[in-house]
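Structure record follows, encoded as structure tokens.
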Amino acid sequence: TYSGKILVAGRNFGCGSSREHAAWALYDYGFRVIVSSFFADIFRGNALNNGLLPVQVSESFLQSIFRAVAQDKDVVLEIDLQEQTIRLGDSMQETFDIDAYKKLCMVNGYDDIDYLLSMQEEIADFEQKSSRYFLKF
């Protein structure tokens with residue numbers, strides 16, 4: 001379960017942010033989770049590649065978050081990446097989708113290179129078992 005800065009944003013967050021600088025800026029500011037009812041595809045990919053979790057919820061759930069924050073600035077949002085759930089206080093919960101590979105990377109703090117490095121043993125085993133299929137130079 002995540003405990004830290006969460007940015008709750010309106011629909012279509014990241015539209016027009018086709019460069020990684022948008023994700024970098026949000027990460028550098030301290031956000032690790034962004035909640036919206038829709039994310040631009042390029043922004044979503046850049047966010048995931050740079051350690052930001054984009055949590056897409058229904059528009060009605062997003063509006064419930066906005067209403068809750070308007071009533072109480074200390075409202076608690078709980079993000080559980082393992083279970084892929086977001087909880088608003090004790091009253092509401094939704095699930096969210098994330099690619100299995102990106103989830104694995106986020107849970108382990110990996111980027112793509114870290115993931116490949118973690119698989120060195122499996123890669124070596126595969127190469128050894130499949131060596132007869134590779135060309136020899």
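The values are calculated or read from the model by the stated rules, or taken from the named source; none is laboratory data. All figures in this text were calculated on a predicted structure; none of them were measured in a lab. Virtual Cβ from ideal backbone geometry, glycine too; neighbours counted across all protein chains shown.
Might you check whether a residue that is touching a Lys or Arg at 6+ places or on another chain (Cβ under 6 Å) and of a type in the set (Gly, Ala, Ser) occurs anywhere in the stretch 19-34?
Within the stretch 19-34, one or more residues are touching a Lys or Arg at 6+ places or on another chain (Cβ under 6 Å) and of a type in the set (Gly, Ala, Ser).
Run Val57 past the list (1) within 21 Å of Gln82 (Cβ to Cβ); (2) of a type in the set (A, V, I, L, M); (3) out of contact with any Asp or Glu (no Cβ under 9 Å at 6 or more places or on another chain) and report the number of the one that doesn't hold.
Val57 satisfies all of (1) within 21 Å of Gln82 (Cβ to Cβ); (2) of a type in the set (A, V, I, L, M); (3) out of contact with any Asp or Glu (no Cβ under 9 Å at 6 or more places or on another chain) except (3).
Step by step: first the residues of the stretch 1-25, then only those that are without any contact (Cβ under 8 Å) to a residue 60 or more places away in the chain and within 13 Å of the chain's Cα centre (by Cα), then the one that is surrounded by the fewest Cβ atoms within 10 Å (Cβ to Cβ). Which residue is that?
Leu7
Is there any pair with a first residue in the stretch 45-63 that is in contact (Cβ under 8 Å) with a residue 12 or more places away in the chain and surrounded by fewer than 20 Cβ atoms within 10 Å (Cβ to Cβ) and a second that is of a type in the set (Ser, Thr, Tyr) and assigned to a helix (DSSP H, G or I) whose Cβ atoms are under 6 Å apart and which are 6 or more apart or on different chains, and what are they?
Partner pairs satisfying both residue conditions: Asn50/Tyr27; Gly51/Tyr27.
Looking only at the stretch 85-137, count how many residues are modelled with pLDDT of 90 or more and either exposed (fewer than 10 other Cβ atoms within 10 Å of the Cβ) or under 22 Å from Pro54 (Cβ atoms) (or both).
31
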